[in-house]
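See below for the structure under consideration.
The values are calculated or read from the model by the stated rules, or taken from the named source; none is laboratory data. Since this is a predicted model, take the numbers as computed values, not measurements. Here Cβ is always computed from backbone atoms with ideal geometry, including for glycine, and neighbour counts include all displayed protein chains. Just the protein is used for accessible areas: all its heavy atoms, side chains included, with ligands, DNA and RNA removed. Shrake-Rupley method; radii C 1.70, N 1.55, O 1.52, S 1.80 Å.
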Amino acid sequence: MRLTVLIFTILVAGSSVLWLETNGFQAFTSERARRLAVTATPKPLPIVTLQDHNGREFGFADYNDRVVLVDFIYTRCPTMCPIMGARFRQLHRSMENISPDKRYSLLSISFDPEHDTVAVLSSYADTFGADGSSWRMARVSDQAKLDFLLKELGVVIIPDEFGGYQHNAAIHVVDRGGRVAHILDYDVSSEQIQQVVQQL
Amino acid sequence: MRPTSYTVSFLVVLKNTLKRIQSTTLACLLFLVLLLTSKQLEMTMVGHVLIQLPLLVVCGWLVTPSLPSRLESAIEKDNEYGIPGILIVIFTVLFWMLPRSLDAALASPFMEFTKFVTLPTLIGIPLALSWPLLTPVAKGFVIGNLLSMLAVLGWLYTQAPIRLCNYYLINQQQQVGNLLLAITAGIALYFTLKCFFFDKNLEVGAL
């Protein structure tokens, strides 16, 4: 009897710890966990000053009452960032078919401000067709503020052996209140994005 | 008891005590080294997953013979057939197998502390205390499960197109995956050879 009770207690305690650690057996990676966390409780964006590819300074608050899709990039990236750039270009073009009140803005933030100057971003924006209004390429020149922004959103940047970086490739959906409300895969369909935007 | 018997008993006790002191000293030294080299080992996924974590378990295993005999017999009384102990081991292993737990240990000092405490105390010590108590069937079950868990994890790390741990590069993840598969194959081969070729009279309990 004593053994049965002990085994039962360990089974319940062990399962409970694993349940809590994995958000109810849903999140085995920290990437999945951060996505579930913002969906459950949208996360307000910190106040940071961004500089777009035309050299204009702005903040997240300037998007007042508009949904923004944000991705994090660096222009030297040979792999994920061009793919995400192409995805954003698709989304940018598809907005022509959306009624103005349902449109959203696109924002690509570089996490490599030292290399990605305004001039470099401007050339990168030309490559992908970012127009500077509904799609901006931007940088955060204050490294401490950039680090804070990345930490708040759970974006982890690690240097690779080729002098570049590996990072979370995802689309951060910012709601009309300036909070990250969803984090989606970069290859999610335009229809799914439209659905998410309409809910916000 | 004759004087020679006293001498023999004394020598046996002395030998066992020295062995215990040796094993505890080794465990403490190993723990200290792991503590001091934590940043270096955690820089690579191989260092973190395949060196630091197993060695922390070894620390717990080595320190077990030095536990006070009262505590050991109290644990043994509740640890019938080694089942409660091995269950604690399995749950703790499952927890630290999660990529999320590895990331958390790197991101949060509290989780790093938890790792250094739980691996020796909730895997190393209970494993050392429970393994001799397990029935042959239970030992076979544990080894079989360990091999399948390692193989699945290794396969997952080699095949996943994305980083499962945010703090490690994808090629490091694949490296760990390949090594896990190699370790699994090595353990499986060892037991296969031992059971079927080298020791035909071997009982599972002797594993």
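Annotations for the structure displayed:
- Beta bridges per DSSP with both ends in the stretch A:69-200, % antiparallel, nearest 5: 50
- Dipole of the protein assembly as shown, positive end: most advanced residue of B:Val13, A:Val17, B:Met111 [Cβ charges, Cα centre]: B:Val13
- The protein assembly as shown, helix-only ellipticity at 222 nm - DSSP H runs n ≥ 4, -39,500 (n - 2.57), divided by all residues, nearest 500: -18000 deg cm²/dmol
- Restraint check, A:Lys151/B:Lys39; A:Lys151/B:Lys115; B:Lys39/B:Lys77; B:Lys15/B:Lys115; A:Lys145/B:Lys39; B:Lys15/B:Lys39, Cα-Cα greater than 31 Å: B:Lys39/B:Lys77; B:Lys15/B:Lys115; B:Lys15/B:Lys39
- Taken about its Cα centre, the protein assembly as shown carries a charge dipole of about 1280 debye when Lys and Arg each add +1 at the Cβ and Asp and Glu each add -1 at the Cβ.
- Cysteines in the protein assembly as shown lacking a second Cys C-beta under 4.7 Å: B:Cys28, B:Cys59, B:Cys165, B:Cys195
- Over the C-alpha atoms of the stretch B:136-207, the Rg to Rh ratio, Rh being the Kirkwood estimate, stands at 1.14.
- Between helix A:190-199 and chain A there is an angle of about 80 degrees, using the helix long axis and the longest principal axis of the Cα atoms.
- Between A:Asn54 and B:Ala182, the modelled label-to-label distance comes to 5.6 nm, taking each label 7 Å out from Cα in the direction of the beta carbon.
- Two-site label geometry, B:Ile162 and B:Gln40: point separation in nm, points 7 Å out along Cα→Cβ: 3.5
- Near the amide H of A:Ala170, within less than 5 Å, lie the amide hydrogens of A:Phe72, all on another chain or at least 5 residues away, with H placed in the peptide plane.
- Plainly put, the stretch A:42-199 has a radius of gyration that is 0.93 times its Kirkwood radius, both from alpha-carbon atoms, as the Rg/Rh ratio.
- If the chain linking B:Ala74 and B:Phe141 were pulled fully straight, counting 0.36 nm for each residue of separation and taking away their Cα-Cα distance, it would gain 21.5 nm.
- Along each principal axis, Cα extent of the protein assembly as shown, largest first, Å: 100, 41, 41
- Segment A:Ser189-A:Arg176, extension gain: residue separation times 0.36 nm, minus the distance between their alpha carbons: 2.6 nm
- If you sort B:Lys15, B:Lys194 by accessible surface, 1.4 Å probe, largest first, the order is B:Lys15, B:Lys194.
- Think of a 1.4 Å ball rolled over the protein heavy atoms: the stretch A:1-61 then has 58 Å² of accessible area per residue.
- Exposure ranking of B:Lys39, A:Lys145 by accessible area [1.4 Å probe, largest first]: B:Lys39, A:Lys145
- Applied to the stretch A:144-157, the Karplus parametrisation 6.51 cos²θ - 1.76 cosθ + 1.60 on θ = phi - 60° returns per-residue 3J(HN,Hα) values of 5, 5, 4, 4, 5, 4, 5, 5, 4, 8, x, 8, 10, 10 Hz, with x for Gly and Pro.
- Under DSSP loop assignment and at most 13 Cβ neighbours within 10 Å, longest chymotrypsin sites (Phe, Trp or Tyr not before Pro)-free interval of chain A: A:26-161
- Stokes-Einstein translational diffusion, the stretch A:1-69 - Kirkwood Rh over all Cα pairs, 0.890 mPa s, 25 °C, in µm²/s: 151
- Amide hydrogen neighbours beyond the local backbone of A:His182, cut-off 5 Å, H modeled: A:Val173
- Tensor-based shape of the stretch A:125-165 (alpha-carbon gyration tensor, a/c under 1.5 rounded, otherwise prolate or oblate): oblate
- Note that the stretch A:1-115 carries a Kirkwood radius of 18.3 Å, evaluated over its alpha carbons pair by pair.
- Solvent-accessible area of the stretch B:1-109 (1.4 angstrom probe, protein heavy atoms only): carbon and sulfur portion equals 73 percent.
- Euclidean distance between Cα centres, the stretch A:51-97 to the stretch B:4-32, Å: 67
- Counting only alpha carbon atoms, the long axis of helix A:80-94 and the longest principal axis of chain A meet at about 70°.
- Cα centroid separation - the stretch A:123-194 against the stretch B:81-150, whole Å: 38
- Span-like helix criteria (full DSSP H runs; alpha carbon extent of at least 24 Å along the helix axis; mean Kyte-Doolittle hydropathy of at least -1.0) are satisfied in chain B by B:3-36, B:136-159, B:170-193.
- Value of D in µm² per second that Stokes-Einstein yields for the stretch B:1-134, Kirkwood Rh from Cα pairs, at 25 °C (0.890 mPa s): 150
- For the pair B:Lys15 and B:Ser148, the difference between a 0.36 nm per residue extended length and the Cα-Cα distance amounts to 43.9 nm.
- Per residue, the Cα convex hull of the stretch A:100-140 amounts to 68 Å³.
- Accessible area expressed per residue, the stretch A:71-200, with surrounding protein chains retained (probe 1.4 Å, Å²): 45
- Test item: Cα-centred dipole of the stretch A:1-115, Lys/Arg +1 and Asp/Glu -1 on Cβ, debye: 420
- Shape summary: the stretch B:60-207 maps onto an equivalent ellipsoid whose semi-axes, from the alpha-carbon gyration tensor, are 29, 24, 11 Å in decreasing order.
- For A:Ala130, distant residues with modelled amide H under 5 Å away: none
- A:Asp126 sits with roughly 120 Å² accessible to a 1.4 Å probe, with DNA, RNA and ligands left out of the calculation.
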